[in-house]
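K.L.:
Can you keep this structure in mind? I'll have questions shortly.
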Amino acid sequence: MAAIELRGVVKRFGPILAVDGLDLDVPEGICLGLLGPNGAGKSTTMRLLTGQALPDAGELRALGHELPADSKAARAEMGVVPQLDNLDVDVTVEDNLAVFARLYRVPDVGAAVDRALDLARLQARRRDAVDELSGGMRRRLLFVRGLIHEPRLVLLDEPTVGLDPQIRTQIWALIDELRSRGTTILMSTHYIEEAERLADEVAVMASGKVISRGRPAELIAEHAGRETAEVYAPPQRLAEVRVRAEAVGLRVRPAGPAVAIVGSDRAEDGAVPADAVRRAASLEDVFVLLTGEEAE
Amino acid sequence: MTEARTRLRRLEPAAIGGVMSRELANFRTYWRGTTFSSLLEPIVYLLAFGLGLSATLVDEVNGVPYVQFVGTGMVATAVIFSSALPAMFGTFVKHRFQNTYDAILAAPVDVEELVSAEMLWIGLRASIYGCFPLLVTIAFGLDPAPGMLLVPLFCLFTALGFAGFGIAMAAIVAKIDQFNYVTALFVTPLFLVSGAFFPISGLPEGLQIVAQLNPLHQLVELVRGAAFGFDWVDLVRFSSLVAFALVLWRVAVNRMAARLID
């Protein structure tokens, strides 16, 4: 049984089509990265799964529960880590956790709080107000709050958005811990590195639908080939390089101060300048080619 | 799985208790200030209005010393200010600025349970704070009466209604500034024509009829009944407060569902 099954899901906000006939299966025990630019429909998909948005059309099931009809029972078995910090800042660390243990009907609240504090490495700060914690500690607390009831399915909505690299690494370690326990994870992100590093499979979303899906290596092989060549040069020369490469059917994308010629290993002589820097094709190449957006 | 399906019903005590436990955890961080002002306010009012006015302009109203008249009336002002206003501002801040409700609704809690818990918390708190003016008035010379034991109950239902009103308003307004309109158009007039500071019999006839529809006036009369003797009509007054609370509960649930669920 798939942990999540979406069939033809549509969600509109007035004239805006946020989710456009989305089909998505998430098998149990995997981490699926929903990768897409802002406005691709990732957060709306998350809200549809928690019953905070109602679909205009389509069928949704989570952990065998029909949504939104049986959403409450589904939510009892899933954990959610939100994009924004919504901890109670004046309340102690342990009370923040205890409240959610009660909301999730955990029988032994004290044991659940202890378990979460251990996972977040916050035992020593349990009686401190959240306001007194560092940014990394707050983020770890927010993360384990969503796991207080040991859910079978965890929704991570942009779990590291806006965080500095050190805190991001701490959160990735927690996600690794979850994966090692066999918990099913649906993680929305617009960070390529995050998807590549954590996800067993990646579904690339754009304009409210999944436009490609697979293991990162499969997506790279399918859309970007083996090799990409980056050319660093003044704008006028970059324009010439682009025209020459596209003329022989190669796909070219901007890459900061350079242009990246994707699939350069298949190029004829002369299509790729001799001074190009050749590297292995990446998920970033796939993302930009598929969505037309600059990667982060 | 089946156990979860059968266990999760509407208005579950566990969900309501969980949401209230969050309020309690927060209340523990600020109760001193709130309780201090709730105690000090009636003392200041009684000194200023009661002793000041009764020494110069009004000695008694309907045979009741003015200090005691104002003191019993102030229960209603304490209730509206500790229910409608926290409900309006608290709900707005938790929803729009703190994203608290997003976190709660991601757990197995529905909007009806969330709103019911918030109303119940505010109602219980206001029913305690509502008694402070009565206790202060007793210190100022009002004789205790057995009927006063019912005052927390009267305060509870009034506060539930005004909490529902505040939550519904928080769901309706687009910006926090718009609460100025709500306060000026509803809260202040209700408070002024409640009969807390002067008998409504002194108002023009039209306003007297409006005052009879004011839940705060019903509360003022019930508290005075508790202090000076009940009348049969007090049963009707109490029933109207229960109806007020029930209607505003449903309005608040409906408005918040429209606001919180896309």
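Derivation of every value follows stated rules applied to the coordinates shown; laboratory data play no part. As the structure is a computational prediction, the values presented were derived from the model and not from experiment. Positions of Cβ are generated from backbone atoms using ideal geometry, with glycine treated the same way; all protein chains shown enter the neighbour counts.
K.L.:
Quick one: longest stretch of chain B between exposed loop trypsin sites (Lys or Arg not before Pro), exposed meaning at most 14 other C-beta atoms within 10 Å and loop per DSSP?
P.N.:
Longest gap between qualifying sites, sites excluded: B:11-174.
K.L.:
Tell me the angle of helix A:135-145 to the major Cα principal axis of chain A, expressed in degrees between 0 and 90 and rounded to the nearest ten.
P.N.:
Result, in degrees: 60.
K.L.:
Next question. Please report the net charge: other residues with Cβ closer than 11 Å to the Cβ of B:TRP121, K and R +1, D and E -1.
P.N.:
Net charge around B:TRP121: 0.
K.L.:
Work out the mean other chain Cβ neighbour count within 10 Å for the residues of A:44-51 and drop it here as an integer.
P.N.:
Mean shielding count: 2.
K.L.:
Which whole-angstrom value gives the distance between the alpha carbon centres of segment B:195-262 and segment A:174-220?
P.N.:
First find each Cα centre; the distance between them is then 56 Å.
K.L.:
Using Cβ counts within 10 Å as a stand-in for footprinting exposure, how do A:TRP172, B:TRP249, B:TRP232 rank, fewest first?
P.N.:
Ascending number of Cβ neighbours within 10 Å: B:TRP232, A:TRP172, B:TRP249.
K.L.:
Write down the Kirkwood hydrodynamic radius of the protein assembly as shown, to one decimal in angstroms, obtained as one divided by the mean of 1/r over all alpha carbon pairs.
P.N.:
With all distinct Cα pairs of the protein assembly as shown included, I get 27.0 Å.
K.L.:
Would you kindly state how much longer the chain becomes between A:ARG152 and A:THR169 on full extension, computed as 0.36 nm times their sequence separation minus their alpha carbon distance, in nm to one decimal?
P.N.:
This chain segment gains 3.8 nm when fully extended.
K.L.:
Obtain the nm distance between the two label points defined at A:ASP25 and B:ASN180 by a simple spin-label model: each point lies 7 Å from its Cα along the Cα-to-C-beta direction.
P.N.:
For the pair A:ASP25/B:ASN180, the computed spacing is 5.8 nm.
K.L.:
What do you get for the angle between helix A:93-103 and the principal long axis of chain A? Use alpha-carbon atoms, 0 to 90 degrees, nearest ten.
P.N.:
80 degrees
K.L.:
Given R₀ = 60 Å, what would the calculated FRET efficiency be for A:ASP108 paired with A:ARG278, taking r from the Cβ atoms and rounding to 0.05?
P.N.:
FRET efficiency, A:ASP108 to A:ARG278: 0.55.
K.L.:
For A:GLU28, which sequence-distant residues (separation of 5 or more, or a different chain) have an amide H within less than 5 Å of its own amide H, given hydrogens modelled in the peptide plane?
P.N.:
Placed amide hydrogens put A:ALA3 under 5 Å from A:GLU28.
K.L.:
Packing-wise, with mean Cβ within 10 Å as the measure, how do B:139-146, A:222-229, A:248-255 rank, highest first?
P.N.:
Result, highest mean Cβ count within 10 Å first: A:222-229, A:248-255, B:139-146.
K.L.:
Same structure again: Could you name the lysines in cross-link range of A:LYS72, using Cα to Cα under 27 Å and dropping any fewer than eight places away on the same chain?
P.N.:
Here the lysines satisfying the reach criterion relative to A:LYS72 are A:LYS11, A:LYS42, A:LYS209, B:LYS94.
K.L.:
Quantify how strongly other chains surround peptide B:103-116 by giving the mean number of their Cβ atoms within 10 Å of each of its Cβ atoms.
P.N.:
6
K.L.:
Would you compute, from DSSP H runs of 4+ residues alone, the mean residue ellipticity of the protein assembly as shown at 222 nm, taking -39500 (n - 2.57) per run and dividing by the full residue count, rounded to the nearest 500?
P.N.:
Value at 222 nm, helices only: -16000 deg cm²/dmol.
K.L.:
Quote the FRET efficiency, to the nearest 0.05, computed for A:SER207 versus A:ASP90 with a Förster distance R0 of 35 Å and r equal to the Cβ-Cβ distance.
P.N.:
Working from the Cβ atoms, E equals 0.25.
K.L.:
B:ALA257 versus A:ARG215, label points 7 Å from Cα toward the beta carbon: distance in nm?
P.N.:
Roughly 4.7 nm, to one decimal.
K.L.:
Relative to the longest principal axis of chain A, what angle (0 to 90°, nearest 10) does the C-alpha long axis of helix A:165-180 take?
P.N.:
Between helix and principal axis, roughly 70 degrees.
K.L.:
Quick test of the membrane-span-like rule: which DSSP H helices of chain B reach at least 18 Å along their long axis (C-alpha atoms) with mean Kyte hydropathy at least 0.0?
P.N.:
What comes out of the filter, once short or polar helices are dropped, is B:13-45, B:66-81, B:111-129, B:151-172, B:215-228, B:233-260.
K.L.:
I'd like to compare A:73-82, A:1-10: which one has the highest average count of other Cβ atoms within 10 Å, and what's the full order after that?
P.N.:
A:73-82, A:1-10
K.L.:
Further question on the same structure: Using θ = phi - 60° and the Karplus curve 6.51 cos²θ - 1.76 cosθ + 1.60, what whole-Hz ³J(HN,Hα) does each residue of segment A:105-121 get, with Gly and Pro shown as x?
P.N.:
Rounded to whole hertz, the list is 6, 5, x, 10, 4, x, 5, 5, 5, 4, 4, 5, 5, 4, 4, 8, 6.
K.L.:
Can I ask one more? If I model a spin label as a point 7 Å beyond the Cα along the Cα-Cβ vector, how far apart are those points for B:LEU47 and A:ARG237 in nm?
P.N.:
With each label point 7 Å from Cα toward Cβ, the separation is 8.4 nm.
K.L.:
Can you give the mean number of other chain Cβ atoms that lie within 10 Å of the Cβ atoms in peptide A:61-73?
P.N.:
3
K.L.:
Continuing with the same structure: Just rank A:ASP157, B:ASP59, fewest to most, by other beta-carbon atoms within 10 angstrom.
P.N.:
Final ranking by Cβ density, sparse to dense: B:ASP59, A:ASP157.
K.L.:
Then there is this: Could you tell me the ratio Rg/Rh of segment A:2-220? Both radii from Cα atoms, Rh via Kirkwood.
P.N.:
0.97
K.L.:
Still on this structure, please answer the following. What's the extension gain from A:ARG181 to A:ALA69 if we count 0.36 nm per residue and subtract their Cα-Cα distance?
P.N.:
Difference between extended and current length: 37.4 nm.
K.L.:
Once phi is turned into ³J(HN,Hα) by the Karplus curve 6.51 cos²θ - 1.76 cosθ + 1.60 with θ = phi - 60°, what whole-Hz value does each residue of segment A:230-239 show in order, with x for glycine and proline?
P.N.:
Per-residue couplings from phi come out as 9, 10, 9, 6, x, x, 5, 5, 4, 5 Hz.
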